[in-house]
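This is the structure, below, for whatever I ask next.
The values are calculated or read from the model by the stated rules, or taken from the named source; none is laboratory data. Treat the numbers as computed from the prediction; the structure is a model and nothing was measured. Here the Cβ positions follow ideal geometry from the backbone for every residue, glycine too, while neighbour counts run over all protein chains shown. Side chains included, ligands, DNA and RNA excluded: accessible areas come from the protein's heavy atoms. Shrake-Rupley method; radii C 1.70, N 1.55, O 1.52, S 1.80 Å.
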Amino acid sequence: MSEKELKSLEDQFQARIDRDEKIEPKDWMPEKYRQTHIRQISQHAHSEIVGMLPEANWITRAPTLRRKLALLAKIQDEGGHGLYLYSAAETLGISREEMYDQLHSGKAKYSSIFNYPALTWADMGTIGWLVDGAAIMNQVALMGTSYGPYSRAMVRICKEESFHQRQGYSILLTMANGTPEQKAMVQDAMNRWWWPSLMMFGPKDADSPNTEQSVKWKLKRKTNDELRQQFVDQTVPQANILGITIPDDKLKWNEERKHYDFGEIDWDEFWQVVKGHGPCNKQRLEARKSAWEKGTWVRDAAVAYAEKQANKEVKQAI
Amino acid sequence: MKNWPLWEVFIRSKNGLEHRHCGSLHASDATMALENARDVYTRRMEGVSIWVVPSAQITASNPENNGETFEPAIDKAYRHPTFYELPDELKHM
Ligand SMILES: [Fe+2]
Ligand SMILES: [Fe+2]
């Protein structure tokens, strides 16, 4: 293909996206579009899967059966989200195996938020409220993205997410109306999760070089800073209802902007955790790898069983 | 390790509606594919019936041939009821 032909194909491709057409797996697409989507969708999938780990620890420690059922259901949803997304990425020509390899070898990233520890039951509430809340904001924006399978996965995921946030907030409401010790636990969880939650939206726009291309492909419908602002504005009244303080002395309503002003994120911490030096990076990856390795015999047995059954059918047919 | 094959999942959301493609998953055999589809795609009563089909069994049209495949239908307006002009007095047809 000549350079001119390629340019024309790329222009037609972009025109389709501009017309709000969806791109489907077998359609022609620029190689960079394919690679960028494989990277983003698989990292999104990894985040869903690794995101189950901080919560899994609390299933057996949930204070009531009702809370335990809700938490189990939420974690099961996250496993499902991972599967929807892995399937979407596979339509672009990468295998599930390859994606797992990338995760397990540390080559692929996942959301840094899951590299923080979940220390108390109030963390289960705070994760649902803030972490799922921030994820929802990102994911709602992505429902309109240009790649069909990714957009459909987002629609399905968004339908399921709002229960996650509500069950988290409901945990905190109960604790916030409880004993002084319970209230203190809520405040403590807030103090630890607030800033990492704001970091979930990624670097500042000025430091986020991929934004322009991503906006063109509708992989980004709002910038990092816009989403972060939206999150702060939405969350402050919810924190007030709980009667807790947001750990930021610069947080203040700005009447002129009609938005909350807020303090600066500790970007050193942000990059440290991204680079693998967060409090739980090692632990999470080890847990994930060990689950995969310990499951090998089950996967092999399932294949052996399927082959045996298939052979039986052949014999019966004769 | 041998890979589990990929399956396409189709769900009938309620009787009276057709099965619709809703996604795909890996499973070692058809029984496991059905069980996994139940767990992954019908956790909130999204279906009353599931089909699973090995993805390798699907033959798909090629979008590069969309012109010759689908365009012949464009200029056949006479296949639509609105193509036929009827007298105004005719109230129902
Ligand atoms: Fe999720
Ligand atoms: Fe969630």
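Between 0 and 90 degrees, rounded to the nearest ten: what's the tilt of helix B:30-41 against the longest Cα principal axis of chain B?
Roughly 70 degrees, rounded to the nearest 10.
I would also like to ask the following. Taking chain A as a Gaussian network, where each spring joins two C-alpha atoms under 10 Å apart, which residue of A:Gly106, A:Gly295, A:Gly144 fluctuates the most?
A:Gly295
Rounded to whole Å, give me the distance from the Cα center of segment A:225-256 to that of segment A:158-192.
Cα centroid of segment A:225-256 versus Cα centroid of segment A:158-192: 16 Å apart.
Further, regarding this structure: Mean separation of Cα pairs under 8 Å and 6+ residues apart, divided by the residue count of chain B: what relative contact order is that in percent?
Contact order relative to length: 27 percent.
Report, in listed order, any pair from A:Lys4/B:Lys76; A:Lys204/A:Lys252; A:Lys183/A:Lys282 with a Cα-Cα distance greater than 24 Å. Kindly include the intermediate steps, with their values, before the conclusion.
Working: A:Lys4/B:Lys76 35 Å; A:Lys204/A:Lys252 20 Å; A:Lys183/A:Lys282 31 Å.
Those over the limit are A:Lys4/B:Lys76; A:Lys183/A:Lys282.
Tell me, what is the per residue accessible area of segment B:1-58 in Å², probe radius 1.4 Å? Walk me through the numbers before you get to the answer.
Values: 3510 Å² over 58 residues.
Each residue of segment B:1-58 exposes 61 Å² on average to a 1.4 Å probe.
Taking R0 as 22 Å, what's the FRET efficiency between B:Lys14 and A:Val155 from their Cβ-Cβ distance, rounded to 0.05?
Details: r = 19 Å, r/R0 = 0.88.
Here the calculated transfer efficiency is 0.70.
Continuing with this model, one more query. Please state the equivalent ellipsoid semi-axes for the protein assembly as shown: what are the square roots of 5 times the Cα gyration tensor eigenvalues, largest first, in whole Å? Walk me through the intermediate numbers first.
On the way: eigenvalues 321, 183, 114 Å².
Over the Cα atoms of the protein assembly as shown, the semi-axes work out to 40, 30, 24 Å.
On a C-alpha basis, how far is the centre of segment B:23-37 from the centre of segment A:304-318 in Å? Whole number, if you could?
Using only Cα atoms to place each centre, the spacing works out to 18 Å.
Which ³J(HN,Hα) values, rounded to whole Hz and listed in residue order, are derived for segment A:225-239 from phi using the Karplus coefficients 6.51, -1.76 and 1.60 in 6.51 cos²θ - 1.76 cosθ + 1.60 with θ = phi - 60°, glycine and proline given as x?
My calculation for segment A:225-239 gives 5, 5, 5, 5, 4, 4, 5, 4, 4, 6, 7, 3, x, 5, 5 Hz in order.
Quote to one decimal, in nm, the extra length available between B:Val48 and B:Leu34 on full extension: 0.36 nm per residue of separation minus the C-alpha distance between them.
Working: separation 14, 0.36 × 14 = 5.04 nm, distance 1.25 nm.
That works out to 3.8 nm of additional length.
For chain A, set up a GNM with springs between Cα atoms under 10 Å and report which of A:Phe270, A:Phe163, A:Phe262 has the largest fluctuation.
Sorting by GNM fluctuation, first place goes to A:Phe262.
How far is the Cα center of segment A:11-29 from the Cα center of segment A:62-114, in Å?
So the two Cα centres are separated by 28 Å.
Work out how much length A:Lys216 to A:Asn177 would gain on full extension: take 0.36 nm times their residue separation and subtract the Cα-Cα distance, in nm to one decimal. Intermediate values should be presented prior to the final figure.
Numbers: separation 39, 0.36 × 39 = 14.04 nm, distance 4.68 nm.
Difference between extended and current length: 9.4 nm.
Still on this model: Take the solvent-accessible surface of the protein heavy atoms, probe 1.4 Å, and return the percent of it on the protein assembly as shown that carbon and sulfur atoms account for.
Numbers: 12790 of 23300 Å².
Carbon with sulfur: 55 percent of the solvent-accessible area.
Between chains B and A, what is the buried accessible area in Å², counting both sides, with a 1.4 Å probe and ligands, DNA and RNA left out, to the nearest 100?
The buried area between B and A, both sides summed, comes to about 1800 Å².
Out of A:Ala88, A:Ala184, A:Ala122, any idea which swings most in a Gaussian network model of chain A, alpha carbons joined below 10 Å?
Judging by the Gaussian network model, the answer is A:Ala184.
Under 8 Å for C-alpha pairs, at least 6 residues apart: give me the relative contact order for chain A, rounded to a whole percent. List each step's numbers first, then the result.
On the way: 310 pairs, mean separation 58.4, N = 318.
Once divided by the residue count of chain A, the mean separation gives 18 percent.
Sequence-distant or interchain residues sharing an amide H contact under 5 Å with B:Ala27, placed H: which?
Counting only residues 5 or more places away or on other chains, the set is B:Trp7.
Which of A:Lys109/A:Lys289; A:Lys26/A:Lys289; A:Lys32/A:Lys107; A:Lys32/A:Lys220; A:Lys218/A:Lys258; A:Lys22/A:Lys222 have a Cα-Cα distance over 22 Å?
A:Lys26/A:Lys289; A:Lys218/A:Lys258
Let me ask another. In nm, what is the difference between 0.36 nm times the number of residues separating A:Gln76 and A:Lys315 and their Cα-Cα distance?
On the way: separation 239, 0.36 × 239 = 86.04 nm, distance 3.93 nm.
The A:Gln76-A:Lys315 span can extend by a further 82.1 nm.
So which residues of segment B:44-73 lose at least 50 Å² of accessible area, probe 1.4 Å, when you go from the chain by itself to every protein chain present?
Residues meeting the cut-off: B:Arg44, B:Pro63.
Suppose each label sits 7 Å from its Cα in the direction of the beta carbon; what would the A:Ala302-A:Glu286 distance come out to in nanometres?
Result for the modelled spin labels: 2.7 nm.
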